[in-house]
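*Asks:* Pasting in a structure now, in structure tokens, and then I'll have a few things to ask.
The values are calculated or read from the model by the stated rules, or taken from the named source; none is laboratory data. Quick caveat: nothing in here was measured; it's all calculated off a predicted structure. Cβ sites come from the backbone with ideal geometry, for glycine too, and all protein chains shown count toward neighbours. We work out accessible area using only protein heavy atoms, side chains counted, and drop any ligands, DNA or RNA first. Shrake-Rupley method; radii C 1.70, N 1.55, O 1.52, S 1.80 Å.
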Amino acid sequence: MSQTYRITLLPGDGIGPEIMAVAVEVLNVVAKQDNLQLEFQTALIGGAAIEATGEPLPAATLEACKQSDGVLLAAIGGYQWDNLPRHLRPETGLLGLRAGLGLFANLRPAAILPQLIDASTLKREVVEGVDMMVVRELTGGVYFGEPKGIFTTETGEKRGVNTMAYTESEIDRIAKVGFETARKRKHKLCSVDKANVLEVSQLWRDRVTAMAKDYPDVELTHMYVDNAAMQLVRAPKQFDTIVTSNLFGDILSDAAAMLTGSIGMLPSASLGSTSLGVFEPVHGSAPDIAGQDQANPLAQVLSAAMLLRYGLNQPAAADRIERSVLKVLDRGYRTGDIMSSGMIPVGCSAMGRVLIEALEQV
Ligand code: IPM
Ligand code: MG
């Protein structure tokens, strides 16, 4: 009897349930092929959880995640919850999940697929060959620093405050993930900060520089975040692995994602110090196309592949999913976000069907 893996599914909001349905079908097919026992449980997060329970991350959801071998998340958020008080917003649920599971490292790969070069908004010669990994710190920095809040000053004026703070140990543990990731890639690490202005970035730079001694085989460079934003669209091929703080990583990973043509293609992994991780697409809940069977499920499917690879240590099954994604692209199937002339338009569930067909052949 093979091992049983418990997987918690968090479909969330917007297009979340549609793309999750495709990913689960795909997982069921590879599980059968590889004789893996996958046991799914679905839990509430984000707006869906607010509607059902009044809070964006019910205790039962966090508990279910903690009891599982891996978490597959789709997307959270929508216009109808944007004006709720902050502690009740869908985003707060996601941040609570990351913090509650101690997931301090977020790996966001951005590689351009030859099949999709023409879907990029940048010129072919700029993006052809782009293959980078953004390692984003996920449980610290300005997202979590104290004090935070909207306070009233002595003159009665309101003042909004967040605090960008990192301790040495927080920097060291993410820097280590950065160096180790670079080691598995092209041995080039670019640490992105704003050390010309921010003290917190100076400490960041000092610690990353100190750690470089332990990784003589990795070439370390530093870049200010404004320059990094410019370089990402000017000459993205210079990057291999980027390590950066929570907010800078949030921003730069969206830019990196878009180099590849569509943010709808990119998966991510959020990892901590145990094997339990959360795997989710980089894109959001796209409420404008929710329920219309138009969403691109491929980032969700590739997140399921990352779950198999990094969470469950099942690289063969992960490989098969990734190969089947390339196969459907080779065959010309495209959702709206990656459409180009001469290709075959499909919706979300039809993309699922051709994927399953391809999976049965790879
Ligand atoms: C992301 C998202 C989240 C973030 C939001 C939804 C809280 O933009 O995962 O990049 O800012 O981290
Ligand atoms: Mg983001």
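*Asks:* So between Ala52 and Ile344, what do we pick up on full extension, going 0.36 nm a residue minus the alpha carbon distance?
*Replies:* Numbers: separation 292, 0.36 × 292 = 105.12 nm, distance 3.87 nm.
Full-extension gain reported as 101.2 nm.
*Asks:* Let me ask something additional. Farthest toward the dipole's positive end in segment 26-118, which of Leu116, Thr53, Asn83, given Cβ charges of +1 (Lys, Arg) and -1 (Asp, Glu) about the Cα centre?
*Replies:* Sorting the options by dipole projection puts first Asn83.
*Asks:* Of Lys148/Lys237; Lys148/Lys186; Lys123/Lys188; Lys66/Lys188; Lys66/Lys176, which pairs sit farther than 28 Å apart, going by alpha carbon to alpha carbon? It would help to have the intermediate numbers written out before the result.
*Replies:* On the way: Lys148/Lys237 38 Å; Lys148/Lys186 39 Å; Lys123/Lys188 24 Å; Lys66/Lys188 34 Å; Lys66/Lys176 24 Å.
Where the Cα-Cα span goes over 28 Å, the pairs concerned are Lys148/Lys237; Lys148/Lys186; Lys66/Lys188.
*Asks:* Counting only C-alpha contacts under 8 Å and six or more residues apart, can you give the relative contact order of the chain as a whole percent? Write out the running numbers ahead of the final one.
*Replies:* Details: 782 pairs, mean separation 78.7, N = 362.
Relative contact order comes out at 22 percent.
*Asks:* Could you tell me which trypsin sites (Lys or Arg not before Pro) in segment 160-267 are loop residues by DSSP with no more than 16 other beta carbons within 10 angstrom of their beta carbon?
*Replies:* On the way: sites: Arg173, Lys176, Arg183, Lys184, Arg185, Lys186, Lys188, Lys194, Arg205, Arg207, Lys213, Arg234, Lys237; in loops: Arg185, Lys186, Lys194.
Within segment 160-267, the qualifying trypsin sites (Lys or Arg not before Pro) (loop, at most 16 other Cβ atoms within 10 Å) are Arg185, Lys186.
*Asks:* Another question, then. Out of the total accessible area of the chain (probe 1.4 Å, heavy atoms of protein only), what percent is carbon and sulfur? Let's see the in-between values first.
*Replies:* Details: 8280 of 15720 Å².
After summing per-atom areas, the C and S share lands at 53 percent.
*Asks:* Between Rg and the Kirkwood Rh of the chain, both from Cα atoms, what is the Rg to Rh ratio? Don't jump to the answer; show the numbers that get you there.
*Replies:* Working: Rg = 20.4 Å, Rh = 21.1 Å.
In the chain, Rg relative to Rh is 0.97.
*Asks:* If you don't mind, another one. What number comes out for accessible area per residue over segment 113-228 if the probe is 1.4 Å? Units Å², please. Intermediate values should be presented prior to the final figure.
*Replies:* Values: 6360 Å² over 116 residues.
Accessible surface, normalised per residue, equals 55 Å².
*Asks:* May I pose another question? Could you list which residues have their amide H under 5 Å from that of Gly145, counting only those 5 or more apart in sequence or on another chain, with H placed in the peptide plane?
*Replies:* Thr163, Ala165
*Asks:* On to the next question. May I ask you to list the trypsin sites (Lys or Arg not before Pro) in segment 130-167 that are in a DSSP loop and have at most 11 other Cβ atoms within 10 Å of their Cβ?
*Replies:* Details: sites: Arg136, Lys148, Lys158, Arg159; in loops: none.
Filter output for segment 130-167: empty list.
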